[in-house]
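Quick notes on the structure that follows.
The values are calculated or read from the model by the stated rules, or taken from the named source; none is laboratory data. A quick note: this is a predicted structure, and the numbers were derived from the prediction, not measured. Because the Cβ atoms are built from the backbone with ideal geometry, glycine has one as well, and the counts that use them run over all protein chains shown. Accessible surface is based on the protein model in full, side chains and every heavy atom, while ligands, DNA and RNA are left aside. Shrake-Rupley method; radii C 1.70, N 1.55, O 1.52, S 1.80 Å.
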Amino acid sequence: QVQLVESGGGLVQAGGSLRLSCAFSGGTFSNYAMGWFRQAPGKEREFVASISWRIGTTNYEDSVKGRFTLSRDNAKNTVYLQMNSLKPEDTAIYYCAAKSWVAGTSPLEYDYWGQGTQVTVSS
């Protein structure tokens, strides 16, 4: 059974940086596309970024392009989200997710989820 565990969240001032990690276990890491989603209070869960194993490309939501970078280390079964130039509107719980083969942008497409890590950006 696939299990995902996020870490690296915390409190940071606007303009600062955080690096989130997602540890994958219970399956073959290279068989899965990985995604990051976030959910702020009173809002729906939204797409942030994804990476596909088969294609090997990344995809980003428009508001984070140029600020966030998604990568994966297959030897460590870990995916990372480097977040730079953070803004108060980035405050949310960030979730790591996995789906078979090809990445998508809808939460409904993903099969496995971590429990989330809180990111708070103060002004």
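Ignoring ligands, DNA and RNA, please state the percent of accessible area on the chain from carbon and sulfur, probe 1.4 Å.
Exposed carbon and sulfur together represent 46 percent of the surface.
Expressed as a whole number of Å, what is the distance separating the alpha-carbon centroids of segment 58-85 and segment 96-123?
12 Å
Per residue, what accessible area does segment 1-57 have, given a 1.4 Å probe and all protein chains present, in Å²?
Here the residues of segment 1-57 average 52 Å² of exposed surface.
Filter the GluC sites (Glu not before Pro) in segment 28-85 down to the DSSP loop ones having no more than 14 other Cβ atoms within 10 Å, then list what survives.
Passing both the DSSP loop test and the Cβ count: Glu44.
Within straight cross-link reach of Lys76, meaning Cα distance under 16 Å, which aspartates and glutamates are found once same-chain residues fewer than 8 apart are removed?
Glu6
Which FRET efficiency value, to the nearest 0.05, do you get for Glu109 and Arg19 by plugging their Cβ-Cβ distance into 1/(1 + (r/R0)^6) with R0 = 35 Å?
Result of the calculation: an efficiency of 0.90.
Work out the FRET efficiency for Val5 and Arg67 from their Cβ-Cβ distance, taking R0 = 22 Å, and round it to the nearest 0.05.
So the FRET efficiency works out to roughly 0.35.
Would you mind finding the longest exposed-site-free stretch of the chain, with exposed trypsin sites (Lys or Arg not before Pro) meaning DSSP loop and at most 12 other Cβ atoms within 10 Å?
77-123
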